[in-house]
């Protein structure tokens, strides 16, 4: 049994857990995980990412995007992708979690909590004052999991997005 550090301290886990920083060698695995997450979220038709884009955007010179891979023994079971934000009000950075995914067969074993714990340590190490992420409103199991960690929904804020033709039109004004 391995001790696993999590947000609440040390927990004993009956699984062999390892979390590593993703490298270029993980690109095919990251793309597989991205597609699995998109499938779970019923958004697979929106995935345009590919190995070349991951190589350029995530692992290219000057990239500020980071990824973690979680392993059970030597089997990859999940990933997280994150980047840093900035609060003009507080004057400090934040950590934004873009993706968190654990394979269905590995859920309930502490991998999601361990990934979030690693991200929390990363946030603290980089003087971040908060971690934020979005969750689909219908994903009750994720919402319950996040709330069990002490995360709270930001109900007073709405997320807006502009893309495609509308983004082009605004850029060309």
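Size descriptors for the chain (Cα atoms only): Rg and Dmax, in that order, 17.0, 60 Å. Going by alpha carbons, how many degrees (0 to 90, nearest 10) lie between the helix axis of 111-125 and the longest principal axis of the chain? The helix 111-125 is inclined about 70 degrees to the chain.
When peptides 127-135, 147-155, 38-46 are ranked by their average number of other Cβ atoms within 10 Å per residue, the highest-first order is 127-135, 38-46, 147-155. Taking every DSSP helix (H) stretch of at least 4 residues in the chain, weighting each as -39,500 (n - 2.57) and dividing the sum by the residue count yields a mean residue ellipticity at 222 nm of -9000 deg cm²/dmol. Peptides 95-104, 114-123, 24-33 ordered by packing proxy, namely the average of other Cβ atoms within 10 Å per residue, highest first: 114-123, 95-104, 24-33.
Remark: segment 78-118 is approximated by an ellipsoid whose semi-axes, taken from the C-alpha gyration tensor as √(5λ), come to 27, 9, 6 Å, largest first.
With Cα atoms defining each centre, segment 38-59 and segment 74-137 are spaced 18 Å apart in the structure. Taking the longest Cα principal axis of the chain as reference, the axis of helix 27-40 is set at about 80 degrees. Calculated FRET efficiency, residue 42 to residue 141, Cβ-Cβ distance, R0 = 22 Å: about 0.90 to the nearest 0.05.
Readers should treat all values here as calculations from the given coordinates under stated rules, not as data from a laboratory. Since the model is a prediction, treat every value here as computed from it, not as a measurement. Note that we place each Cβ from the backbone using ideal geometry, even for glycine, and neighbour counts take in every protein chain shown.
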